[in-house]
1. Whether any residue in the stretch 160-178 is farther than 20 Å from Trp43 by Cα, under 19 Å from the mean Cα position of the chain (by Cα), surrounded by fewer than 17 Cβ atoms within 10 Å (Cβ to Cβ) and not basic (Lys, Arg) is what I want to check.
2. Which number in (1) surrounded by fewer than 21 Cβ atoms within 10 Å (Cβ to Cβ); (2) within 21 Å of Arg311 (Cβ to Cβ) marks the one condition that Arg10 misses?
3. Within the stretch 140-183, how many residues are more than 16 Å from the ligand (Cβ to nearest atom) and at pLDDT below 90?
4. When you look at Glu33, is it free of Cβ contacts under 8 Å to residues at least 40 places away in the same chain, open to solvent by 60 Å² or more (accessible area, probe 1.4 Å) and away from the ligand (no atom under 14 Å from the Cβ), yes or no?
5. Scan (1) within 15 Å of the chain's Cα centre (by Cα); (2) open to solvent by 50 Å² or more (accessible area, probe 1.4 Å); (3) among the aliphatic types (A, V, I, L, M) for the single condition Ile28 breaks and write down its number.
6. Among the listed residues Arg328, Arg322, identify the single one that is under 30 Å from Glu168 (Cα atoms) and part of a loop (DSSP other than H, G, I, E, B).
7. Exactly one of these conditions fails for Tyr37: (1) in contact with a Lys or Arg (Cβ under 9 Å, 6 or more places away or on another chain); (2) farther than 25 Å from Arg322 by Cα. Give me its number.
8. Looking at the stretch 25-36, is at least one residue charged (D, E, K, R), at pLDDT below 95 and not in a loop (DSSP other than H, G, I, E, B)?
Amino acid sequence: MKETVLSGIRPTGNLHLGNYYGAIQNFIRMQHEYNCYFFVADWHSLTTHPHPGDLHGNVKTVLSEYLACGIDPEIATLYIQSDIKEIAELYLLMNMNSYIGELERTTSFKEKVRKQPDNVNAGLLTYPVLMTTDIIIHKANKVPVGKDQEQNIEMARRFARRFNTIYETDYFPEPEGFSFSKNLIKIPGLDGSGKMGKSEGNAINLADDPKTIHKKVMGAVTDAGPTEMNQTPPEAIENLFQLMEVASEPETVVFFREQYAKCAIRYGDLKKQLSADITKLTEPIRERILEIQSDDAYLAKVVNMGAEKARISAAATLKDVREIIGFRTF
Ligand code: TRP
């Protein structure tokens, strides 16, 4: 039997090139190899109190962007978390066996408390419980996530194990974090250091139009240029070469690296080329995003189909769990 893979995406903002190469391309590959569940974590997003006027649009954006990248809703189960009320019930049950102390000690909780001291809500505290529920409700074995989510996966393993211990069962598998570090392509940002991220403000979004991409790339951090032949480029310049490795033809990368080595590089030319090559890459995706976003009938069909598939698996789990905990019907 195929193993079950699950991943959740918080609906906050647009997907960028880093998401595309870091995660989405792997999701697209995995949907053919595993029994995949991908969902939009809209309940999770409430922990940061989005404006009610933004919530639906945010969900629609990630959904359209994932579909545009190539998640096939006929193959994977693609759904909206809040469509599956069984998740709320299992979350309630899981909360009874999660302890305040361990939740307060979570790094991500402490970080959020620092970031939003005026909004330390209980949902924030129990975020790992909801995330655990997302995973175990489909008895997922593998959860592809980045480094920042490792502790949440550790909590999910612990809560699943604890459920099994308390109720003397082996019902839930312990989910494993699943990193694609082997084939992970690191996408640097445009600000001279580190990787691309939406909070860093250094990202190129898949939905950016050519003008926006041009402006962002032309504004990327550079320096005064090489002073010695064959010198090693500093991080900011190496980052641009790395982006070129992803977006441009191999000859183009070789050409600009040679120019750099000869101290003949013109950053303006490099950036123009890079911006054109990135645009060539993202433009078909952007067009699909726009197409899908304006097709409400298609989106409704996708979401209903996903909810139906996810509900079957979630309802079966809840039926077993109620039984295990000791609920009986009259
Ligand atoms: N916490 C994840 C993030 O911020 C999103 C998420 C919610 C998730 N539920 C999940 C990821 C379940 C994997 C599995 O990116």
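The values are calculated or read from the model by the stated rules, or taken from the named source; none is laboratory data. Note that the coordinates shown come from a computational prediction; the quantities given were computed from them, not determined experimentally. Using ideal geometry, Cβ is built from the backbone for each residue, glycine included, and neighbour counts are taken over all protein chains shown. Ligands, DNA and RNA are stripped out before the accessible areas are found, and what is left, the full protein with its side chains, is counted by its heavy atoms. Shrake-Rupley method; radii C 1.70, N 1.55, O 1.52, S 1.80 Å.
1. Yes, the conditions are met somewhere in the stretch 160-178.
2. Status for Arg10: all satisfied but (2).
3. Residues flagged as more than 16 Å from the ligand (Cβ to nearest atom) and at pLDDT below 90 within the stretch 140-183 amount to 3.
4. Spelling it out, Glu33 is indeed free of Cβ contacts under 8 Å to residues at least 40 places away in the same chain, open to solvent by 60 Å² or more (accessible area, probe 1.4 Å) and away from the ligand (no atom under 14 Å from the Cβ).
5. (2)
6. It is Arg328.
7. (2)
8. Within the stretch 25-36 (the criterion being charged (D, E, K, R), at pLDDT below 95 and not in a loop (DSSP other than H, G, I, E, B)), the answer is yes, since at least one residue qualifies.
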